[in-house]
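Asker: Here's a structure for you.
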Amino acid sequence: MPRLFFFPAVLPRTAGVLTLVLVCLGAAGARAADGPTPDVVAAQLRDAAMAGHDIAYSWVSDLTTRFGPRPAGSANEQQAAVWAAARLKELGFENVRIESFPITAWVRGSESGQLIAPSAQPLVIAALGESPPTPATGLEGEVVIFPTLSDLKAAPSGSLTGRIAMVAQRMVRAQDGAGYNAAVPARTDGPREAAQRGAIAYLLRSVGTDSHRLVHTGTARYTDGRVPVPAFALSAPDADQIERIAALGQAVRVRLFSGASYVPDAHSQNVIAEVRGRERPAEVVLLGAHLDSWDQGTGAIDDGAGTAIITAAAKLIRDLPHRPRRTVRVVLFGSEEIAQPTPPGGTFGGHSYVANHRAELASHVLTGESDLGTDRVYSFALPGGALQSGFAKTLLRVLTPIGVMASDRPPDDVGADVTPVVEAGVPGFQLSQDAMSYFDIHHTPDDTLDKVDRAQLDQNVAAWAALVWLVADSDVDFRSPAAPGATPAKP
């Protein structure tokens, strides 16, 4: 069934139309006593974005073309941060700066996998992020298959000595991406559970929803300062093949090799830029996305698109003839994909931001993150006190024309980068994107620019620009259980 999109009528992607819309914004947005209410400005921002805001696409195109993959701590990530800071200054943002922090970088190196018994067959594999290398000659062992991570956890201590554990759990496809949270513990925690039972290595079916012979990488969790055994993701067809062989009653043996290595004195960085508020600049609306990416594709969907969306939305607001009351702060986080909160992995961008800005967090008004590709936004979620407020009703009126509904629940996942900010007490919002196809290419070599849908990218920018403007130009206290004053004030 084709997807339905709700676009304002006759909005061609031309510079002339976008210029006309912005001129109208300037005329209608004059700060006269009888000027437009914030919801009118929000609707105009929405329509300007839907007309084709080329900042977003040109940003993600330049980022992925110039720098390709941007693993945390790599030269590509660092050069991309310098480029992003310069570009943000060119776009007219204020207080642009780069805040570095130390990490231990992980480098993939060469890798290979082969089925060696009962017959010789190549395997399509990828080492999990931060997992250690194998011996130089590789390692070999019999595979023990577990349907789920829970089954692995139920195995007795010592039962896997000298063998290779494999979790074959499948990820469920869902619009809200809930299948990922259900499946990803097999990737993050599986190596630890396998090692505790004596395994020499760990395999899992890729955490993804596709059936292609592509591998979804991702990070594994540290135990006592390290990932305890070499760990690999298998493509879905290869995992199927191993399961079928085992179902015939035959022992499965594989040979694995990883040349992964660590760079202990590396660094990553957050890139920060602002649209300063005209009345209450100390009050901050924080927008997040991450600049780093995995090394197999070029990080267009995860998360070059997110950095483009929040930058373009903030740029639309910055170009208004009047600033919002509050400051809009854009943060392009570093080291989200390799995120280990303790040594030797160091820290990651979200924790670094909290450490550097702890004194400001009490005046952070609201935060959200774009990190689910470019598929359309279909709902928004606000902190509990604002769910039934006048603010929520205003936002719904503005976003309904582009197919965005209101959630009746507070946000359940604000994003990895801004989670430390939320844990420090800052309220979070969520613009939920359709995730039905996102996990087909997430963390794979297929994460490339051609997967970016420009019309849906524009719809994301429209939703973000409208919501952020309404928050930044309001006096709503999102920390309040009752969200007092939750109606945007008239200019």
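Asker: Take peptides 295-305, 107-117, 124-134 and line them up by average Cβ neighbours within 10 Å, highest first, as a rough protection proxy. Please list the in-between numbers first.
Answerer: Details: 295-305: 26.7, 107-117: 16.1, 124-134: 23.0.
Result, highest mean Cβ count within 10 Å first: 295-305, 124-134, 107-117.
Asker: Under 20 Å Cα to Cα from Lys153, which aspartates and glutamates show up? Leave out anything in the same chain fewer than 8 places away.
Answerer: Hits, sequence-local ones excluded: Glu142, Asp189, Glu193, Asp224, Glu243.
Asker: Want the number for Ile116 to Ala174: 0.36 nm per residue separation, take away the alpha-carbon distance, what's left? Can you show the working numbers first?
Answerer: Numbers: separation 58, 0.36 × 58 = 20.88 nm, distance 3.59 nm.
Roughly 17.3 nm would be gained on extension.
Asker: Follow-up question, since we're still on this one. Give me the percent of accessible area attributable to carbon and sulfur for the chain, probe 1.4 angstrom. Could you put the intermediate results ahead of the total?
Answerer: Details: 9880 of 17840 Å².
Roughly 55 percent, rounded to a whole number.
Asker: Testing the spin-label approximation: label points 7 Å from Cα along Cα→Cβ at Met405 and Ala355. State their distance in nm.
Answerer: Spacing of the two 7 Å Cα→Cβ label points: 4.2 nm.
Asker: For the chain, what does the accessible surface come to per residue with a 1.4 Å probe? Please give it in Å². Can you show the working numbers first?
Answerer: Details: 17840 Å² over 491 residues.
On a per-residue basis, 36 Å².
Asker: What is the packing order of peptides 451-457, 161-167, taking the mean over residues of other C-beta atoms within 10 Å and listing the highest first? Could you put the intermediate results ahead of the total?
Answerer: Working: 451-457: 18.1, 161-167: 20.4.
In descending order of packing, they fall as 161-167, 451-457.
Asker: Any aspartates and glutamates with Cα under 15 Å of the Lys393 Cα? List them, leaving off those in the same chain fewer than 8 positions away.
Answerer: Result set, ordered by chain and number: Asp39, Asp408.
Asker: Name the long-range amide H neighbours of Ile103: under 5 Å, sequence gap of 5 or more, or other chain; modelled H, no Pro or chain starts.
Answerer: Ala266, His267, Ser268
Asker: Can you give me the long-range amide H partners of Phe93? Hydrogens built in the peptide plane at 1.01 Å from N, cutoff under 5 Å, separation of 5 or more residues or another chain.
Answerer: It is none; the list stays empty.
Asker: In whole Hz, what ³J(HN,Hα) sequence does the range 462-478 give by Karplus (6.51, -1.76, 1.60; θ = phi - 60°), x for Gly and Pro?
Answerer: 4, 5, 5, 4, 5, 5, 5, 4, 4, 5, 5, 9, 9, 10, 5, 9, 6
Asker: Convert 20 °C to kelvin, take the viscosity as 1.002 mPa s, use the Kirkwood radius over C-alpha pairs of the range 34-95 as Rh, and evaluate the Stokes-Einstein diffusion coefficient in µm²/s, rounded to a whole number.
Answerer: On the way: Rh = 14.0 Å.
Answer, rounded: 153 µm²/s.
Asker: Relative to the longest principal axis of the C-alpha atoms of the chain, give the angle of the C-alpha long axis of helix 390-399, reported between 0 and 90° and rounded to the nearest 10°.
Answerer: That helix lies at roughly 80 degrees to the long axis.
Asker: While we're here: Mean residue ellipticity at 222 nm from the helices of the chain, using -39,500 (n - 2.57) per DSSP H segment of n ≥ 4 over the full residue count, to the nearest 500 deg cm²/dmol?
Answerer: Estimated from H runs of four or more residues: -9000 deg cm²/dmol.
Asker: Specify, per residue and in Å³, the volume enclosed by the convex hull of the alpha carbon atoms belonging to the chain. The partial results should precede the final answer.
Answerer: On the way: hull volume 69.5 nm³, N = 491.
Each residue corresponds to 142 Å³ of Cα convex hull volume.
The values are calculated or read from the model by the stated rules, or taken from the named source; none is laboratory data. From a predicted model like this one, the values you see are computed outputs, not experimental measurements. Reconstructed Cβ throughout: ideal geometry from the backbone, glycine too, with neighbour counts over all protein chains shown. Accessible surface is based on the protein model in full, side chains and every heavy atom, while ligands, DNA and RNA are left aside. Shrake-Rupley method; radii C 1.70, N 1.55, O 1.52, S 1.80 Å.
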